[in-house]
Every structure is written in C-alpha cells, then in structure tokens.
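Taking it in order: structure first as structure tokens, then the write-up.
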Amino acid sequence: MKNHFSCIIVDDEPQAVELLSDAITMVNKNIEITGTYTSWPGAFEALRSQAPDLVFLDISIQGRNGMDLLKGIQEINSEIIFVTAYSDHALNAFKFPVSGYLLKPIDDVDLAAAIDRALLRIKQKKQVNKPGNIPSIIGIPDNKSINYINVNNIIYLEANNSYTSVITTTSTITSAYNLGKFREILDGQYFYQIHRSYIINLNHVKRYETSGSVIMDNHQELPVAKTARNEFVQFFVQVKADDTKITK
C-alpha cells in the first residue's frame, strides 16, 4: 500500500541522510521518502519539480544556507522541518512554513513530534482546499432546540464544563456538544484551537499580542497556550498573508 505523505531529505552529509531516513521510517510508517539530496542544485530542482508534502532540510549545505535555498522557490507548499547542528538560526527559520527545528543529534521523540505537527498541518491544508466537504451551515443543539448557524459567523467557541458556549456575530449559544465535538465538526475550516478552552475563527482575529493572547473582532481577548503559540503564529501569518476568507 502506498504511503500517504511524500518527503525529501536535503543534507550534504550522506551518513546524516542515512541516519535520518532510518529514523523517519521508524517513527512514522505513513511517510514515503521520495528522494535524498546532498547537493544544492539537486535539492533546488527537487523542490521546484516534486512539491513534496514534507522537506527535511539542513541549514548548512556545502557552505551555503539552506534557507537561501527556500528563498529561491517562488511558492513553497511543503512543510519544512529544519535539521541542523546550529541553534542560532531558529528565529529566521520560522519565516517559512516550519513544523520543526531539530538539533543534531536528533532525538526520536522530538522527531516524532515534529512529524506529527507537519502531518496535521498538511491534512488541514488539504482539507481546507477540498471543495464542498463541510457545509457552510451547521446545526448547534442547545437544551431545547437546534440552531442553524453559518460557520462564517462563529467568532469563537469556549468550553463550559461539558457544554460549549458558541459566540457568533449576533448571539451566544450554549450547546450540549463539548468542545471536542466541535473540533471534529469544524476540522478543515479556518478554526484553530489556541487553548484547551478555546477554538477561534481565524477570520475574526483582529490582532495577536506577543504577550500570548489574541484580540477578536468583537474586542474579546483570549489566551493562547504557551505550547500552541509558535504553531499558531505560523498558521495565522500564513492565513493573513494569503488574505483568505472562509467561503465554504
């Protein structure tokens, strides 16, 4: 059976490529390594022509910076996991669609976590771009009825014990569904769980505060969990850069 996700490895050390290939195969069986590249020209051509789901990229390639390799690609749809011996490039690395920044020697637990983040982001992007798979109107049950709401009008959802408060542009609905159920329903839409108690609609975010909170367009300030901040900022910046609005 063919694996679901393609990836390439770019590292100018053949032994490092071999070790990483073995580690990837060990921690996740759903990844197919479609190519390994130890030179700049080969890696550049592969990134332009193959469009893999996932790229493992060394920062230093034959004396050149791997990030410069990415700058030469007009549009990068792949998720990037940097694999490097250098920690001082991390800040610049997050200008790209980065799912992980791993320091050599690579820890298997860190590798597995980075791959899981990458695959989740890949699935989210594919789901969002898949037309017509989720209706624009959803039914939200309360204790007396079912409210039919356009998902575009949902600003955020807040966990309230076993219930969920659904805050829309016109009202607040207390639903019998818990937050986990809404996470399943809204999977693939431009909704993001920033905290164990909150799922937000990215199209209703007014701004992100570097102290670790978001201001919604109804002026409500919501906390972003520390563990979610880096990934949230990457995804939020990408959405705003694309100037994308939910239309489904």
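Bear in mind these aren't lab numbers, they're just calculated from the coordinates by the rules spelled out. This structure is a prediction, so every number in the text was calculated from the model and none was measured. Methodologically, a virtual Cβ is constructed for each residue, glycine included, from the backbone with ideal geometry; neighbour enumeration extends over all protein chains shown.
Residue pairs whose Cβ atoms lie under 9 Å apart, sitting 6 or more positions apart in sequence or on different chains, and linking a residue in segment 58-74 that is crowded, with 16+ Cβ neighbours inside 10 Å to a partner that is hydroxyl-bearing (S, T, Y), are D58/T84; I59/T84; I59/Y86; I61/Y37; I61/T38; I61/S39; G66/S60; G66/T84. Here is a check on your reading of the model: is I194 on the phi < 0 side of the Ramachandran plot, of a type in the set (A, V, I, L, M) and out of contact with any Ser or Thr (no Cβ under 6 Å at 6 or more places or on another chain)? Criteria met by I194. Each residue in segment 160-189 was checked for being touching a helix residue (DSSP H, G or I) at 6+ places or on another chain (Cβ under 8 Å) and hydrophobic (A, V, I, L, M, F, W, C), and 2 pass. Residues that are β-branched (V, I, T) and either free of Cβ contacts under 8 Å to residues at least 24 places away in the same chain or touching a helix residue (DSSP H, G or I) at 6+ places or on another chain (Cβ under 7 Å) (or both) within segment 190-232 comprise I194, I199, V205, T210, V214, I215, V224, T227, listed in sequence order.
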